[in-house]
(Lines give C-alpha, C1' and ligand atoms only; values in the text may rest on other atoms or scores of the structure.)
Protein backbone atom coordinates (compact mmCIF):
# COMPACT_ATOMS: atom_id res chain seq x y z
CA UNK A 1 0.00 0.00 0.00
CA UNK A 2 1.25 3.45 -0.88
CA UNK A 3 -0.49 6.83 -0.80
CA UNK A 4 0.70 10.38 -1.39
CA UNK A 5 -1.56 13.39 -0.99
CA UNK A 6 -1.70 16.95 0.26
CA UNK A 7 -2.22 17.26 4.02
CA UNK A 8 -2.77 20.24 6.29
CA UNK A 9 -0.78 23.44 5.86
CA UNK A 10 0.31 22.52 2.33
CA UNK A 11 2.41 19.60 3.54
CA UNK A 12 2.51 16.42 1.49
CA UNK A 13 1.65 13.25 3.40
CA UNK A 14 3.39 10.04 2.32
CA UNK A 15 2.06 6.74 3.64
CA UNK A 16 2.97 3.07 3.29
CA UNK A 17 5.75 1.55 1.23
CA UNK A 18 7.66 3.65 -1.28
CA UNK A 19 9.32 0.94 -3.37
CA UNK A 20 10.28 0.55 -7.03
CA UNK A 21 6.69 -0.31 -7.94
CA UNK A 22 5.39 2.96 -6.45
CA UNK A 23 8.16 5.34 -7.50
CA UNK A 24 6.40 6.39 -10.71
CA UNK A 25 3.26 7.34 -8.77
CA UNK A 26 5.29 9.33 -6.22
CA UNK A 27 7.29 11.10 -8.93
CA UNK A 28 4.15 12.03 -10.88
CA UNK A 29 2.65 13.62 -7.76
CA UNK A 30 5.80 15.48 -6.71
CA UNK A 31 6.40 16.78 -10.25
CA UNK A 32 3.34 18.97 -9.69
CA UNK A 33 4.67 20.50 -6.46
CA UNK A 34 6.36 23.90 -6.57
CA UNK A 35 8.04 26.07 -3.96
CA UNK A 36 9.06 24.86 -0.51
CA UNK A 37 7.76 21.33 0.02
CA UNK A 38 7.26 19.72 3.44
CA UNK A 39 6.98 15.94 3.26
CA UNK A 40 5.35 14.38 6.30
CA UNK A 41 6.79 10.86 6.59
CA UNK A 42 5.10 9.87 9.86
CA UNK A 43 3.24 7.03 8.11
CA UNK A 44 6.00 6.04 5.70
CA UNK A 45 6.89 2.46 6.67
CA UNK A 46 9.55 1.71 4.10
CA UNK A 47 11.64 3.35 1.39
CA UNK A 48 14.04 1.78 -1.10
CA UNK A 49 16.57 3.38 -3.42
CA UNK A 50 13.82 3.95 -6.00
CA UNK A 51 12.02 6.16 -3.49
CA UNK A 52 15.25 7.92 -2.58
CA UNK A 53 15.71 8.70 -6.27
CA UNK A 54 12.29 10.36 -6.37
CA UNK A 55 13.14 12.53 -3.35
CA UNK A 56 16.53 13.49 -4.76
CA UNK A 57 15.20 14.39 -8.21
CA UNK A 58 12.43 16.55 -6.71
CA UNK A 59 14.76 18.20 -4.22
CA UNK A 60 17.23 19.14 -6.96
CA UNK A 61 14.42 20.60 -9.11
CA UNK A 62 13.06 22.68 -6.24
CA UNK A 63 16.51 23.78 -5.09
CA UNK A 64 17.02 25.11 -8.58
CA UNK A 65 14.31 27.66 -7.87
CA UNK A 66 15.60 28.48 -4.40
CA UNK A 67 13.38 26.17 -2.32
CA UNK A 68 13.59 22.44 -1.64
CA UNK A 69 12.16 19.56 0.37
CA UNK A 70 11.94 19.39 4.15
CA UNK A 71 11.36 15.89 5.58
CA UNK A 72 9.44 15.74 8.86
CA UNK A 73 8.36 13.00 11.30
CA UNK A 74 11.07 10.66 10.04
CA UNK A 75 11.11 7.34 11.93
CA UNK A 76 14.26 5.59 13.08
CA UNK A 77 14.49 3.07 10.23
CA UNK A 78 13.86 5.62 7.49
CA UNK A 79 16.38 7.93 9.13
CA UNK A 80 18.98 5.14 9.00
CA UNK A 81 18.40 4.80 5.26
CA UNK A 82 18.82 8.57 4.81
CA UNK A 83 22.00 8.51 6.86
CA UNK A 84 23.55 5.61 4.94
CA UNK A 85 22.65 7.39 1.69
CA UNK A 86 24.12 10.72 2.76
CA UNK A 87 20.67 12.31 2.51
CA UNK A 88 21.03 13.68 6.03
CA UNK A 89 23.58 16.10 4.52
CA UNK A 90 21.35 17.07 1.59
CA UNK A 91 17.91 17.51 3.21
CA UNK A 92 16.56 19.26 6.26
CA UNK A 93 15.29 16.33 8.33
CA UNK A 94 13.12 16.46 11.44
CA UNK A 95 12.97 13.09 13.24
CA UNK A 96 9.73 11.70 14.68
CA UNK A 97 9.23 12.73 18.28
CA UNK A 98 9.13 9.13 19.62
CA UNK B 1 10.43 -21.27 1.91
CA UNK B 2 10.91 -20.60 -1.80
CA UNK B 3 9.00 -19.08 -4.66
CA UNK B 4 9.59 -17.97 -8.25
CA UNK B 5 8.65 -14.46 -9.34
CA UNK B 6 8.02 -12.91 -12.75
CA UNK B 7 10.38 -10.21 -13.92
CA UNK B 8 8.13 -7.33 -12.90
CA UNK B 9 8.18 -4.67 -10.19
CA UNK B 10 4.55 -5.61 -9.57
CA UNK B 11 5.91 -8.76 -7.89
CA UNK B 12 7.40 -6.70 -5.06
CA UNK B 13 4.17 -6.87 -3.06
CA UNK B 14 4.18 -10.66 -3.41
CA UNK B 15 7.82 -10.83 -2.26
CA UNK B 16 6.86 -8.78 0.80
CA UNK B 17 4.01 -11.23 1.48
CA UNK B 18 6.48 -14.14 1.31
CA UNK B 19 8.89 -12.39 3.69
CA UNK B 20 6.07 -11.59 6.10
CA UNK B 21 5.02 -15.26 6.14
CA UNK B 22 8.58 -16.41 6.93
CA UNK B 23 8.92 -13.93 9.78
CA UNK B 24 5.61 -15.03 11.27
CA UNK B 25 6.20 -18.74 10.79
CA UNK B 26 9.68 -18.77 12.26
CA UNK B 27 9.19 -15.98 14.80
CA UNK B 28 12.06 -13.97 13.41
CA UNK B 29 12.55 -10.62 15.17
CA UNK B 30 10.53 -7.95 13.35
CA UNK B 31 13.40 -5.50 13.74
CA UNK B 32 15.17 -7.29 10.88
CA UNK B 33 12.27 -6.91 8.43
CA UNK B 34 13.13 -3.58 6.86
CA UNK B 35 16.72 -4.56 6.07
CA UNK B 36 15.60 -7.92 4.62
CA UNK B 37 12.90 -6.18 2.56
CA UNK B 38 15.34 -3.55 1.33
CA UNK B 39 18.10 -5.97 0.33
CA UNK B 40 15.66 -8.36 -1.35
CA UNK B 41 13.98 -5.55 -3.31
CA UNK B 42 17.24 -3.95 -4.44
CA UNK B 43 18.72 -7.24 -5.67
CA UNK B 44 15.46 -8.32 -7.36
CA UNK B 45 15.03 -4.92 -9.05
CA UNK B 46 18.65 -5.01 -10.19
CA UNK B 47 18.13 -8.44 -11.82
CA UNK B 48 14.90 -7.32 -13.51
CA UNK B 49 16.43 -4.06 -14.74
CA UNK B 50 19.79 -5.27 -16.01
CA UNK B 51 19.38 -8.98 -16.87
CA UNK B 52 17.10 -8.31 -19.81
CA UNK B 53 18.39 -11.16 -22.01
CA UNK B 54 16.20 -13.72 -20.24
CA UNK B 55 12.48 -14.06 -19.52
CA UNK B 56 12.86 -16.79 -16.89
CA UNK B 57 11.41 -16.24 -13.44
CA UNK B 58 13.66 -15.33 -10.51
CA UNK B 59 13.86 -17.82 -7.65
CA UNK B 60 13.85 -16.41 -4.11
CA UNK B 61 14.64 -18.70 -1.18
CA UNK B 62 14.37 -17.62 2.45
CA UNK B 63 15.22 -19.56 5.56
CA UNK B 64 15.87 -18.75 9.18
CA UNK B 65 19.53 -18.40 10.04
CA UNK B 66 21.04 -18.94 13.48
CA UNK B 67 20.42 -15.35 14.53
CA UNK B 68 18.37 -14.02 11.65
CA UNK B 69 17.53 -14.74 8.03
CA UNK B 70 19.33 -16.06 4.96
CA UNK B 71 17.95 -15.01 1.57
CA UNK B 72 19.04 -16.21 -1.89
CA UNK B 73 18.01 -14.87 -5.29
CA UNK B 74 18.81 -16.94 -8.38
CA UNK B 75 18.55 -15.59 -11.90
CA UNK B 76 18.71 -18.08 -14.82
CA UNK B 77 20.40 -17.83 -18.21
CA UNK B 78 22.14 -14.52 -17.51
CA UNK B 79 25.63 -13.04 -17.60
CA UNK B 80 27.80 -12.90 -14.50
CA UNK B 81 27.23 -9.93 -12.21
CA UNK B 82 28.78 -9.91 -8.76
CA UNK B 83 27.03 -7.21 -6.69
CA UNK B 84 30.02 -7.05 -4.36
CA UNK B 85 31.92 -5.37 -7.19
CA UNK B 86 29.33 -2.61 -7.59
CA UNK B 87 30.73 0.86 -8.14
CA UNK B 88 30.97 2.78 -4.86
CA UNK B 89 28.74 5.80 -4.28
CA UNK B 90 30.12 9.05 -2.91
CA UNK B 91 27.49 9.74 -0.27
CA UNK B 92 29.39 12.83 0.82
CA UNK B 93 29.10 14.50 -2.58
CA UNK B 94 27.20 17.81 -2.69
CA UNK B 95 23.65 17.91 -4.04
CA UNK B 96 24.64 19.17 -7.49
CA UNK B 97 26.84 16.09 -7.97
CA UNK B 98 24.30 13.55 -6.73
CA UNK B 99 22.17 11.73 -9.29
CA UNK B 100 19.22 9.38 -8.78
CA UNK B 101 20.27 5.75 -9.10
CA UNK B 102 23.26 3.73 -7.98
CA UNK B 103 22.29 3.68 -4.33
CA UNK B 104 20.53 0.31 -4.27
CA UNK B 105 23.49 -2.06 -4.25
CA UNK B 106 25.45 0.37 -2.11
CA UNK B 107 22.74 0.16 0.57
CA UNK B 108 22.63 -3.64 0.33
CA UNK B 109 26.37 -3.94 0.87
CA UNK B 110 26.20 -1.45 3.72
CA UNK B 111 23.26 -2.98 5.58
CA UNK B 112 23.45 -6.77 5.31
CA UNK B 113 25.78 -8.74 7.56
CA UNK B 114 27.25 -10.91 4.83
CA UNK B 115 26.80 -11.47 1.10
CA UNK B 116 27.94 -14.31 -1.14
CA UNK B 117 27.93 -14.73 -4.91
CA UNK B 118 27.97 -17.84 -7.12
CA UNK B 119 27.92 -18.06 -10.92
CA UNK B 120 27.63 -21.46 -12.59
CA UNK B 121 26.03 -22.69 -15.81
CA UNK B 122 24.72 -19.18 -16.51
CA UNK B 123 22.94 -19.14 -13.15
CA UNK B 124 23.62 -16.09 -11.03
CA UNK B 125 22.95 -16.64 -7.33
CA UNK B 126 23.26 -14.00 -4.64
CA UNK B 127 22.90 -14.97 -0.97
CA UNK B 128 22.82 -12.56 1.93
CA UNK B 129 22.40 -12.90 5.67
CA UNK B 130 20.82 -10.41 8.04
CA UNK B 131 21.52 -11.18 11.69
CA UNK B 132 20.09 -9.98 14.94
CA UNK B 133 22.35 -7.24 16.23
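The residue of the stretch B:62-98 that is farthest from the chain's Cα centre (by Cα), among those that are within 14 Å of chain A (Cβ to nearest Cβ) and outside any loop (DSSP other than H, G, I, E, B), is B:96.
Exactly one residue out of A:68, A:86 is surrounded by fewer than 21 Cβ atoms within 10 Å (Cβ to Cβ) and at pLDDT below 95, and it is A:68.
Looking across B:20, B:11, B:42, one residue alone is in contact with a helix residue (DSSP H, G or I) (Cβ under 7 Å, 6 or more places away or on another chain) and on the phi < 0 side of the Ramachandran plot. It is B:42. Filter the stretch B:110-133 down to the residues that are in contact with a helix residue (DSSP H, G or I) (Cβ under 6 Å, 6 or more places away or on another chain) and either outside any strand (DSSP E or B) or at pLDDT below 95 (or both), then identify the one that is surrounded by the most Cβ atoms within 10 Å (Cβ to Cβ). Result: B:112. Here residue B:119 meets each of (1) over 17 Å from residue B:44 (Cβ atoms); (2) touching a residue at least 24 places away in the same chain (Cβ under 8 Å); (3) within 14 Å of the chain's Cα centre (by Cα) with one exception, condition (3).
Scanning the stretch B:85-108 for residues that are closer than 23 Å to residue B:59 by Cβ and modelled with pLDDT under 95 yields B:85, B:86. Selection of the stretch A:13-55 for residues being assigned to a strand (DSSP E or B) and either away from every other protein chain (no Cβ under 12 Å) or modelled with pLDDT under 95 (or both) yields A:13, A:14, A:15, A:37, A:38, A:39, A:40, A:41, A:42, A:43. Flag not set for residue B:83, criterion: closer than 24 Å to residue A:77 by Cα, loosely packed, with under 15 Cβ neighbours inside 10 Å and either in contact with a strand residue (DSSP E or B) (Cβ under 8 Å, 6 or more places away or on another chain) or in contact (Cβ under 8 Å) with a residue 12 or more places away in the chain (or both). Applying the selection to the stretch B:24-49, what residues are surrounded by fewer than 20 Cβ atoms within 10 Å (Cβ to Cβ), over 14 Å from the mean Cα position of the chain (by Cα) and either assigned to a loop (DSSP other than H, G, I, E, B) or without any contact (Cβ under 8 Å) to a residue 40 or more places away in the chain (or both)? Correct list: B:24, B:25, B:26, B:27, B:29, B:30. The requirement of being under 14 Å from the mean Cα position of the chain (by Cα) and buried (at least 21 other Cβ atoms within 10 Å of the Cβ) is not satisfied by residue B:59. Applying the set (1) within 30 Å of residue A:58 (Cα to Cα); (2) surrounded by 15 or more Cβ atoms within 10 Å (Cβ to Cβ); (3) over 12 Å from the mean Cα position of the chain (by Cα); (4) more than 12 Å from chain A (Cβ to nearest Cβ) to residue B:102 leaves exactly one unmet item: (4).
The set of residues from the stretch A:1-12 being in contact with a helix residue (DSSP H, G or I) (Cβ under 6 Å, 6 or more places away or on another chain) and within 10 Å of chain B (Cβ to nearest Cβ) is empty.
Residue A:95 meets the conditions (1) away from every other protein chain (no Cβ under 13 Å); (2) touching a residue at least 24 places away in the same chain (Cβ under 8 Å); (3) touching a helix residue (DSSP H, G or I) at 6+ places or on another chain (Cβ under 9 Å) in every case but one. The failed one is (2).
The values are calculated or read from the model by the stated rules, or taken from the named source; none is laboratory data. Fair warning: this is a prediction, and the values are worked out from it, not measured in the lab. Don't worry about glycine lacking a Cβ; one is built from the backbone with ideal geometry, like all the others, and counts go over all protein chains shown.
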